[in-house]
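Data block below; observations after.
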Amino acid sequence: MAVAEIVFSDDINTRNPDLVPCTPVMWRKLVRLGPQEYSSALAIMKRDETEETVLDMAKKLRTYADAVHGPTHARIAALETQVRGLADKMEENHKELKEDILQISAVQVRGSGTTRKRSLDREGKGIPRAKLWSFLRDCGENMKRWMENLLML
């Protein structure tokens, strides 16, 4: 809009769009076409008829935008930092859990083999017959049938 003012202006000396006076018509268009959330603040900024340049009004707009969005951006940046920290901790904990699970399973594999060897070594070549029979009976096995088969041999 400032360029259009330069093109259609009678002033030959003004060739820089930033130095063109910001007219009320230009400001109304900016208020109408700008973001809805800024419209009331923009309307108040240029309520007087002072001849400010486009550059001056742009500076005012930047200051207003920084004042409005500065705290929000700071909060967002802080949250992003916290989320990154939590993600790093979660990844670290996940690796530790994986390592712990691998160690536990390795101990169980080694532990089950050594336990079995020890029990076999302690009791001779195998499980004593009395323990085997009581185990089978507890499991619901018919021990009379086993006895008959043994007597037939």
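A few notes on this one:
- Sum of side-chain charges, residue 147 neighbourhood, beta-carbon under 15 Å (Lys, Arg +1; Asp, Glu -1): +2
- Once both labels are positioned 7 Å from their Cα atoms along Cα-to-Cβ, the gap between residue 68 and residue 44 label points is 1.2 nm.
- Taking label points 7 Å from Cα along the Cα-to-Cβ direction, residue 61 and residue 102 give a separation of 5.8 nm.
Values in this text are rule-based calculations from the coordinates and carry no lab data. Quantities reported herein were computed from a predicted structural model and do not represent experimental measurements. Cβ sites come from the backbone with ideal geometry, for glycine too, and all protein chains shown count toward neighbours.
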